[in-house]
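Below is one structure; the comments refer to it alone.
The values are calculated or read from the model by the stated rules, or taken from the named source; none is laboratory data. Quick caveat: nothing in here was measured; it's all calculated off a predicted structure. Quick reminder, even Gly has a Cβ in these numbers, built from the backbone with ideal geometry, and neighbours come from all protein chains shown.
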Amino acid sequence: MTTTSLKILALCFMLIDHIAEFIPGIPIWFHWIGRVSAPIFFFCMVWGFKYTHNRKIYLRRMYGFGVIMGIMDFICNNLFPNPYCIITNNIFVTMFLIGVVIWILEMFQSDKKRGYNYLIYFCLYQILSTSICIIAKKIIPGYGIYDIVGALTGNLIFTEGSFLFVFLGVLMYFTKESKIRIGAVYTIFCIVYFVLTALNSVHVKEMFYENYQWMMIGALPFMYLYNGKKGKGLKYLFYIFYPLHVFALFWIGNLCF
């Protein structure tokens, strides 16, 4: 499968997942299917980041869409007095941060002194960014403050999937050249996630009805089907479809609630 094929497949899985997220009364297995979506997007993203002609433009575009998505999330979340489900979706910011961390680590490999400085700056900035998010939550009313401020400041904590998904994306980038390595690393990540989830679950039932993110292990076979080719591209399909379907489902869900 090409990256284009994988992205379209991930879009379908994502749509199924978000239908269950925003529309009342949808079976839980919609969420189970949707767990494989984000890892496939990260997999496609890291390959795209490797081959992009201009990383600065790529990251600026990802950041820009992330900020727009964050603003729209905040607006939509506060249009209803008691929304059925608030929007916390903003994978653009997660992907932006994956790219930034990859760039810094590659810089560290080629120039340790410069890379070390940038790594320190990034860590200090994240402390500042997290503080800003927490303060903003205390002084600004409304649903989704963390999401909009997190998007504006590029925060590792207050982003979709938090730092764990950023870490996963970075792991994928540095193991993507070998199916054995990426398979082993991804499987270990999922197992650790499963164990941590199990330790925080009171009943086994919670592993299937509340803490089911470990089901993302199902994305691995699709990664193995990647043939190293880009495909038709459809560059802006994801950028357009992602926010439009989220906002449409949010409105439908809250009007039906």
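So, GLY64, is that one touching an Asp or Glu at 6+ places or on another chain (Cβ under 7 Å) and in a helix (DSSP H, G or I) or not?
Working: touching an Asp or Glu at 6+ places or on another chain (Cβ under 7 Å): no; in a helix (DSSP H, G or I): yes.
In short, no.
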Which residue pairs have Cβ atoms under 8 Å apart, sit 6 or more places apart or on different chains, and have a first residue in segment 1-23 that is within 13 Å of HIS245 (Cα to Cα) and a second that is crowded, with 21+ Cβ neighbours inside 10 Å and among the β-branched types (Val, Ile, Thr)?
PHE13/VAL36; PHE13/ILE40; HIS18/VAL246; PHE22/VAL246
Listed residues LEU220, LEU237; which is in contact with a helix residue (DSSP H, G or I) (Cβ under 8 Å, 6 or more places away or on another chain) and at pLDDT 95 or above?
LEU220
Of the conditions (1) under 14 Å from SER5 (Cβ atoms); (2) at pLDDT below 90; (3) assigned to a helix (DSSP H, G or I), the single one that MET207 does not satisfy is (1)
From ILE87, ILE40, grab the single residue that is farther than 19 Å from PHE167 by Cβ and either hydrophobic (A, V, I, L, M, F, W, C) or part of a helix (DSSP H, G or I) (or both).
ILE87
For residues that are aliphatic (A, V, I, L, M), surrounded by fewer than 22 Cβ atoms within 10 Å (Cβ to Cβ) and closer than 22 Å to TRP47 by Cβ, tally how many sit in segment 137-181.
4
Given the residues TYR118, TYR186, which is the only one that is surrounded by 14 or more Cβ atoms within 10 Å (Cβ to Cβ) and touching a residue at least 60 places away in the same chain (Cβ under 8 Å)?
TYR186
Checking the conditions here, which among LEU59, LEU11, LEU15 is of a type in the set (A, V, I, L, M, F, W, C), in a helix (DSSP H, G or I), within 18 Å of the chain's Cα centre (by Cα) and farther than 20 Å from TRP251 by Cβ?
LEU59
